[in-house]
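Visitor: The structure's right below; bear with me while I get my questions together.
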There are 2 protein chains.
Amino acid sequence: MPATIDDVAALAGVSTATVSRALRGLPNVAVATREKVQRAADLLDYVADPAASALAAGRTATLGLVVPGMGRWAHARMLEVVQDRAGAAGYDVLPVTLASAAAREFFLTRHPFRRRVDGLVVAEVPLDGAELLRLGEGRPVAAIGLDAPEVDTVVADDARGIAEATTHLLSLGHVDIAFIGGGSSDARLVAPAARRSAFTSTLATAGIEEVVHRVVESQASSTGGAAALSLLLDEVDPPTAVIVASDEMALGAMEVARSRGLDLPGDLSVVGVDDQPVAQFVGLTTVHRDVARMAARACDWVLERLDGSDVPARHEVVATSLVKRGSTAPPRTR
Amino acid sequence: MPATIDDVAALAGVSTATVSRALRGLPNVAVATREKVQRAADLLDYVADPAASALAAGRTATLGLVVPGMGRWAHARMLEVVQDRAGAAGYDVLPVTLASAAAREFFLTRHPFRRRVDGLVVAEVPLDGAELLRLGEGRPVAAIGLDAPEVDTVVADDARGIAEATTHLLSLGHVDIAFIGGGSSDARLVAPAARRSAFTSTLATAGIEEVVHRVVESQASSTGGAAALSLLLDEVDPPTAVIVASDEMALGAMEVARSRGLDLPGDLSVVGVDDQPVAQFVGLTTVHRDVARMAARACDWVLERLDGSDVPARHEVVATSLVKRGSTAPPRTR
DNA sequence: GTGAAAGCGCTAACAA
DNA sequence: TTGTTAGCGCTTTCAC
């Protein structure tokens with residue numbers, strides 16, 4: 001059996017309260033006492049039982065991270081970042097995957113996070129402000145990619161990035177551009193709608209009357225991207241350029257184009273979103289999103305509130321930028 | 001304040017012991033009583049405090065997952081799979097990243113998992129049998145990609161896959177083949193050494209005297225792959241084919257080759273390892289590893305032991321297979 | 001089938 | 001500065 005606080009107290013010749021104070025670095029402990037306790041703890045290889053601490057203190061020292069899954073690079077990266085920041089502050093992070101509406105409903109009604117985490121960051125899971133508050137049950141919540149005045153939020157400036165991408169394609173001379181959305185047209189996610197409207201309004205304000213454009217929706221996976229582009233290529237007059245809602249989808253789209261014998265970027269320019277490491281290595285032009293920064297912000301905000309900060313909800317927009325690579329070029333004149 | 005077991009007991013008109021039994025589905029509870037308790041719990045939106053349960057029962061209902069990081073696709077996927085299996089059995093999963101030797105040392109000596117998880121799966125973190133046992137402290141441990149007779153292990157048949165890949169290149173007519181390893185030549189990881197020796201011995205037994213080959217080591221990232229290939233291409237007589245220890249590294253290598261004006265696969269054939277989804281979309285020939293299966297096995301084994309099973313340590317080798325795609329072709333005759 | 005009661009190992013007043 | 005003493009909210013014998 002592992003040593004308990006009583007063992008340490010006995011060995012150090014002090015009370016358990018003193019051991020608790022000394023080991024947690026609380027003030028009002030004599031230096032000599034603290035050292036004595038520390039030695040005893042080391043000797044016994046003592047580690048406080050997190051469950052007992054949590055029960056007594058009412059804090060679990062863990063943060064919840066709610067994501068739609070680990071399949072997308074961005075979400076895995078967010079976990080890394082949150083683990084890092086939270087870990088430095090002494091918190092564990094408990095990730096949870098909420099992919100389906102059923103899973104979300106279960107979480108909202110059965111409260112598996114109740115008394116299990118001290119605060120949570122929710123990333124790109126379609127939940128509105130009221131739902132986030134319900135999820136939080138009084139604990140600090142920060143959301144990534146969601147629009148909720150009630151809690152801290154950080155979102156990427158997707159609109160700006162897509163507008164840039166659209167302008168880029170127009171300036172290359174494309175007049176027939178398509179947009180492939182990431183499926184989840186759920187209004188609670190800010191990115192999908194922002195991207196779509198940035199695309200259409202940029203084309204509209206470009207003032208080029210003869211620009212042809214179309215918007216299709218598909219699943220946010222490489223398969224989804226492939227399927228959507230297939231549809232577009234089947235049309236009588238396929239687009240010469242396409243903006244795709246994520247790098248994963250863009251890769252799927254590129255593969256379909258190649259397998260149909262298209263020359264990239266000659267026959268088709270492709271733009272993605274995220275700028276995951278792979279994008280660089282396949283030469284994909286993409287809208288860079290600072291995923292690490294978003295995750296760090298959200299995590300830090302939760303930590304701050306856990307530390308007693310009680311400011312009104314903050315909302316940050318993180319800049320995006322278009323990274324031009326080889327997957328975009330002027331359209332081949334037919 | 002959330003409802004406690006006492007609230008439920010009072011509302012249902014029974015003792016807390018009965019509530020505890022009823023809600024956990026234990027036997028020896030009258031049907032009527034169970035329903036009454038369930039109704040009270042629902043009404044009060046009651047959820048048992050995990051900390052209190054853990055303290056009282058001595059079980060945390062959470063599994064630890066130790067990985068070198070979330071950056072590689074394979075590890076993110078393993079987390080997904082373990083979350084899935086463990087979740088179905090009522091366990092949370094607490095992932096922990098152990099990248100540096102310092103972090104491993106900290107974990108081994110400070111026991112942050114003590115009383116925090118009931119069992120753990122360790123994936124591709126360089127730890128030997130004794131260290132795994134230390135980490136486990138009596139709890140069930142399953143390891144992925146490690147060689148430890150003391151605990152359950154599951155490894156991919158990397159040797160087989162690399163041998164197949166090598167044979168494939170030889171049969172295409174390559175006589176100058178290089179191997180780029182994943183850096184961690186740590187003997188506690190089985191894959192690196194297995195791959196290297198499979199490569200060299202396959203070439204040796206091929207009996208082709210004039211085959212030129214070299215082995216270099218680099219970091220297990222796209223940057224690492226790029227750097228290693230750069231070195232090889234700088235040599236007077238660069239290889240016509242290269243086997244790279246992961247898909248990420250392979251992508252980096254491909255990018256370097258292209259940026260030097262090489263035609264792929266004409267001037268250089270590339271083979272990766274893992275077969276992550278992206279590999280398909282960039283047409284990368286690669287050694288498929290059934291990551292999901294390995295994770296599921298490891299997780300299930302831990303769960304079984306938690307369930308009381310006490311069989312001797314099991315060791316499974318999961319088959320690999322070469323997936324041929326466009327990144328490999330006969331060498332261009334110079 | 002159900003209840004009473006004794007902890008699980010720690011933290012946090014409150015005293016001293 | 002340190003010790004005493006209640007709990008924190010459950011689970012689990014052991015009676016009944």
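Visitor: Out of all the residues in the stretch B:1-17, which are near DNA strand D (Cβ under 7 Å from one of its atoms) and away from every other protein chain (no Cβ under 14 Å)?
Guide: Those that are near DNA strand D (Cβ under 7 Å from one of its atoms) and away from every other protein chain (no Cβ under 14 Å): B:Asp6, B:Thr16, B:Ala17.
Residue by residue, here is whether (1) within 15 Å of the chain's Cα centre (by Cα); (2) of a type in the set (Ser, Thr, Tyr); (3) within 11 Å of chain B (Cβ to nearest Cβ) holds:
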{"residue": "A:Ala56", "(1), (2), (3)": "no, no, yes"}
{"residue": "A:Val66", "(1), (2), (3)": "yes, no, no"}
{"residue": "A:Ala76", "(1), (2), (3)": "yes, no, yes"}
{"residue": "A:Asp84", "(1), (2), (3)": "yes, no, yes"}
{"residue": "A:Ala88", "(1), (2), (3)": "no, no, no"}
{"residue": "A:Ser100", "(1), (2), (3)": "no, yes, no"}
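Visitor: Of the residues in the stretch A:52-77, how many are of a type in the set (Ser, Thr, Tyr) and either touching a residue at least 60 places away in the same chain (Cβ under 8 Å) or within 16 Å of DNA strand D (Cβ to nearest atom) (or both)?
Guide: 2
Visitor: Related question: Cβ-Cβ below 8 Å, separation at least six or inter-chain, first residue in the stretch A:9-35 and on the phi > 0 side of the Ramachandran plot, second near DNA strand C (Cβ under 10 Å from one of its atoms) and modelled with pLDDT of 95 or more: which pairs?
Guide: Close Cβ pairs (under 8 Å, with a partner that is near DNA strand C (Cβ under 10 Å from one of its atoms) and modelled with pLDDT of 95 or more) amount to A:Asn28/A:Arg21.
Visitor: Report whether or not B:Glu80 is surrounded by fewer than 16 Cβ atoms within 10 Å (Cβ to Cβ) and away from DNA strand D (no atom under 16 Å from the Cβ).
Guide: No.
Visitor: Okay, next question. Can you pull out every residue in the stretch A:18-51 that is near DNA strand D (Cβ under 7 Å from one of its atoms), surrounded by fewer than 17 Cβ atoms within 10 Å (Cβ to Cβ) and under 41 Å from the mean Cα position of the chain (by Cα)?
Guide: Residue satisfying the conditions is A:Pro27 alone.
Visitor: While we're looking at this one, here's another question. Give the residue that is farthest from DNA strand D (Cβ to nearest atom), with candidates limited to residues of the stretch B:104-115 that are out of contact with any strand residue (DSSP E or B) (no Cβ under 7 Å at 6 or more places or on another chain) and within 10 Å of chain A (Cβ to nearest Cβ).
Guide: Going through the qualifying residues, I end up with B:Thr109.
Listed here are the residues, each with its yes/no results for (1) aliphatic (A, V, I, L, M); (2) modelled with pLDDT under 90; (3) over 28 Å from the mean Cα position of the chain (by Cα).
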site: A:Ser222; (1), (2), (3): no, yes, no
site: A:Met249; (1), (2), (3): yes, no, no
site: A:Ala257; (1), (2), (3): yes, no, yes
site: A:Gly261; (1), (2), (3): no, no, yes
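Visitor: Among the listed residues A:Ala193, A:Ala187, A:Ala198, identify the single one that is of a type in the set (A, V, I, L, M), farther than 22 Å from A:Lys324 by Cβ and assigned to a helix (DSSP H, G or I).
Guide: A:Ala193
Visitor: Name the helices (runs of 4 or more DSSP H) wholly inside the stretch A:89-171 in which the number of residues that are surrounded by 24 or more Cβ atoms within 10 Å (Cβ to Cβ) is 3 or more.
Guide: Once the helices (runs of 4 or more DSSP H) in the stretch A:89-171 are filtered for at least 3 residues that are surrounded by 24 or more Cβ atoms within 10 Å (Cβ to Cβ), what remains is A:158-171.
Yes/no per residue for (1) assigned to a loop (DSSP other than H, G, I, E, B); (2) surrounded by 16 or more Cβ atoms within 10 Å (Cβ to Cβ); (3) charged (D, E, K, R):
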position: B:Arg258; (1), (2), (3): no, yes, yes
position: B:Asp263; (1), (2), (3): yes, no, yes
position: B:Gly266; (1), (2), (3): yes, no, no
position: B:Gly272; (1), (2), (3): no, yes, no
position: B:Phe281; (1), (2), (3): no, yes, no
position: B:His288; (1), (2), (3): no, yes, no
position: B:Trp301; (1), (2), (3): no, yes, no
position: B:Glu304; (1), (2), (3): no, yes, yes
position: B:Ser309; (1), (2), (3): yes, no, no
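Visitor: Quick test for you: out of B:Gly252, B:Gly224, pick the one residue that is outside any loop (DSSP other than H, G, I, E, B), more than 23 Å from A:Gly252 (Cα to Cα) and within 13 Å of chain A (Cβ to nearest Cβ).
Guide: Just a single option satisfies the conditions, and that option is B:Gly224.
Visitor: Going residue by residue through the stretch B:56-69, is there one that turns out to be under 30 Å from A:Met1 (Cα atoms), within 16 Å of DNA strand C (Cβ to nearest atom) and among the polar types (S, T, N, Q)?
Guide: Yes, the stretch B:56-69 has at least one match.
Visitor: Considering the stretch A:61-80 alone, what residues qualify as being part of a strand (DSSP E or B) and hydrophobic (A, V, I, L, M, F, W, C)?
Guide: Result: A:Leu63, A:Leu65, A:Val66, A:Val67.
The values are calculated or read from the model by the stated rules, or taken from the named source; none is laboratory data. This structure is a prediction, so every number in the text was calculated from the model and none was measured. Positions of Cβ are backbone-derived with ideal geometry, glycine not excepted, and every protein chain shown enters the neighbour counts.
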